[in-house]
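The values are calculated or read from the model by the stated rules, or taken from the named source; none is laboratory data. Treat the numbers as computed from the prediction; the structure is a model and nothing was measured. We place every Cβ from the backbone using ideal geometry, glycine too, and count neighbours over all the protein chains shown.
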Amino acid sequence: MVQPPPAERFHRRFLDELPGDPATAAAPRAVVGAAWSRVQPTPVAAPHLLAFSHRLAAELGLAGGLELDPSTAAVLGGNALWPGMDPYAANYGGHQFGHWAGQLGDGRAIVLGELRRPDGAIAELQLKGAGPTAYSRRGDGRAVLRSSIREFLCSEAMHALGVPTTRALSLVATGDQVVRDMFYDGNARPEPGAIVCRVAPSFLRFGNYELPSARGDVALLRTLVDFTLRHHFPELGTPARDAYAALLRAVAERTARLIAHWQAIGFVHGVMNTDNLSMLGLTIDYGPYGWIDDFDLGWTPNTTDAAQRRYAFGNQPTIGLWNVMRLGEALLPLVDGAESVVEEALAAYDATYSGEATRRFAAKLGLTFSAGEDDGALLRDLFTWLQKTGIDMTLFFRSLSRVVVAAAAPSTLPEAIVAACYREPDADDRAAGVSWLQRWWRRTRRESRPAAELAVAMDRVNPRFVLRNWLAQEAIDAAHGGSAEKVARLLEVMARPFDEQPQHADLAAKRPDWARDKPGCSALSCSS
Ligand code: AMP
Ligand code: MG
């Protein structure tokens with residue numbers, strides 16, 4: 001039998017250093033004055049490992065072959081614990097769709113323990129869908145297979161793209177059915193249930209701080225912020241007023257950097273409520289997220305947000321700022337109500353976002369933006385053209401490395417770019433596209449590096465593979481049919497998103513027609 005990690009490798013900082021809820025029943029309740037509630041995962045009928053991230057397991061220092069042991073599926077499915085694990089659910093609140101929602105908390109996530117990694121860092125292991133907690137409100141604490149596949153695959157794909165994110169170790173089928181009304185239209189039906197084991201240095205969200213602050217519980221707020229500084233931002237110094245201000249600023253900057261990265265790869269989170277914004281600047285809570293196929297700043301994958309479009313692609317940077325403002329307000333009691341602290345953090349967010357977004361998009365074009373050039377206009381004109389033609393974002397940027405090495409500026413729209421359009425480009429689109437490409441191609445000649453080098457650098461930032469919605473949906477359909485092979489294939493291919501991998505060209509294709517309006521491919525609900 002392959003040994004699980006020894007008990008000494010599990011730590012209990014969250015449990016030992018933050019106040020807990022004395023009650024232990026999983027019954028829904030208001031939890032006041034506490035950052036967590038103890039809870040045991042609820043056993044499932046037949047835990048079965050469907051997919052496993054060997055890369056993450058190695059980083060965590062788990063023994064090779066551990067995943068083959070049936071007792072591992074039992075632990076990752078919530079039916080057993082390894083020695084040293086002491087599970088709990090975290091207490092937090094949040095602003096949902098612009099409105100204060102009060103206490104939310106881990107309604108279906110349970111932290112099993114804090115594992116010390118071989119590199120010394122701590123990784124929290126958290127099961128999502130492991131049964132009810134004190135925070136489940138009217139929910140069942142479960143997750144369905146389709147949303148679990150999406151979270152499992154996207155977590156690992158984002159990591160491979162270099163985007164800060166929570167990770168996913170495992171995907172376990174529970175053998176139980178979960179009833180969901182997928183589109184809130186009265187058509188509730190049973191679906192297979194699943195559990196993902198998520199992994200992160202911390203799952204702390206903006207909402208963890210907002211809740212005690214909204215309740216006037218400054219003591220808990222301070223304990224939590226001091227804890228955060230001590231373990232996650234030690235470089236900001238001893239907890240005190242200056243460190244609190246520096247923390248807000250650091251979180252603002254991390255959030256801005258994260259969202260600039262999302263924009264650059266066409267990732268739309270879908271539910272940027274403050275309970276889904278990580279204090280560490282990680283992508284967290286993969287729900288109705290989506291990837292941009294045809295470039296559209298107004299697109300949102302989330303049907304719950306279809307009318308308002310609050311969390312649409314082009315709104316993400318502004319929403320990030322709005323969320324930092326809510327965090328800033330929550331921390332005000334710790335900085336003597338000094339609004340200037342919040343204003344400085346918001347200014348830092350703006351500066352960081354525009355710097356990072358510019359840098360990332362410049363790199364996508366093989367450019368180092370410089371003062372003597374009209375690079376801002378070049379980028380704005382590109383966005384206008386992308387939005388008007390609705391071309392595939394990923395394919396368009398990836399195709400540019402082939403254009404940059406051409407001996408002359410293009411005189412017609414390159415075939416790869418025509419092929420990346422979802423509708424035949426008309427004469428105007430073609431003329432505007434060629435004229436933009438010519439401007440850009442000439443501009444690349446004023447870079448200090450030769451075109452061949454630019455092409456290599458561009459292919460390192462313009463992914464060939466992203467977890468397109470329809471790809472995830474194909475893997476989901478196959479899994480519902482009993483095969484997890486497509487999940488395994490996507491996990492492997494998405495682990496090398498910048499490599500050409502010609503044998504997997506079918507996974508780099510633009511969205512097929514059948515997927516355009518299919519649920520799961522273009523529209524997703526929060527109900528998962
Ligand atoms: P989300 O939109 O997934 O970030 O969830 C928002 C809140 O609803 C969080 O407090 C979740 O824990 C809770 N929640 C979502 N789904 C369930 C469920 N099936 N059972 C219990 N709580 C849930
Ligand atoms: Mg959430």
All but one of (1) hydrophobic (A, V, I, L, M, F, W, C); (2) more than 28 Å from E59 (Cβ to Cβ); (3) surrounded by fewer than 20 Cβ atoms within 10 Å (Cβ to Cβ) hold for V163; state the number of the condition that does not hold.
(2)
For strands (runs of 3 or more DSSP E) lying entirely in the range 65-108, having 1 or more residues that are farther than 21 Å from A194 by Cα and away from ligand 2 (no atom under 13 Å from the Cβ) picks out 99-103
Out of E114, E124, report the one residue that is in contact with an Asp or Glu (Cβ under 6 Å, 6 or more places away or on another chain) and away from ligand 2 (no atom under 16 Å from the Cβ).
E114
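A quick yes/no check of all residues on (1) in contact with a Ser or Thr (Cβ under 6 Å, 6 or more places away or on another chain); (2) among the charged types (D, E, K, R):
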{"site": "N276", "(1), (2)": "no, no"}
{"site": "N302", "(1), (2)": "no, no"}
{"site": "A312", "(1), (2)": "yes, no"}
{"site": "A348", "(1), (2)": "no, no"}
{"site": "R359", "(1), (2)": "no, yes"}
{"site": "K364", "(1), (2)": "no, yes"}
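When you scan the range 488-499, do you find a residue that is assigned to a helix (DSSP H, G or I) and more than 30 Å from I149 (Cβ to Cβ), even just one?
No, the range 488-499 contains no residue that is assigned to a helix (DSSP H, G or I) and more than 30 Å from I149 (Cβ to Cβ).
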Of all residues being crowded, with 18+ Cβ neighbours inside 10 Å and assigned to a helix (DSSP H, G or I) in the range 505-528, which is modelled with the lowest pLDDT? Just the residue, please.
A515
Using the structure shown, decide if L211 is touching a residue at least 40 places away in the same chain (Cβ under 8 Å), more than 30 Å from R359 (Cβ to Cβ), in contact with a Gly (Cβ under 8 Å, 6 or more places away or on another chain) and within 16 Å of ligand 2 (Cβ to nearest atom).
yes
Just one of (1) touching a residue at least 24 places away in the same chain (Cβ under 8 Å); (2) closer than 23 Å to G390 by Cβ; (3) not charged (D, E, K, R) trips up Q501, so point out which.
(2)
Which listed residue is surrounded by 16 or more Cβ atoms within 10 Å (Cβ to Cβ), touching a residue at least 12 places away in the same chain (Cβ under 8 Å) and not assigned by TED's automatic domain parsing to the domain that holds S435, from V342, V403
V342
When you go through D140, D181, D176 one by one, which is the residue that is more than 14 Å from ligand 2 (Cβ to nearest atom), without any contact (Cβ under 8 Å) to a residue 40 or more places away in the chain and of a type in the set (D, E, K, R)?
D140
With respect to D296, determine if the residue is more than 16 Å from ligand 1 (Cβ to nearest atom) and either part of a loop (DSSP other than H, G, I, E, B) or buried (at least 22 other Cβ atoms within 10 Å of the Cβ) (or both).
yes
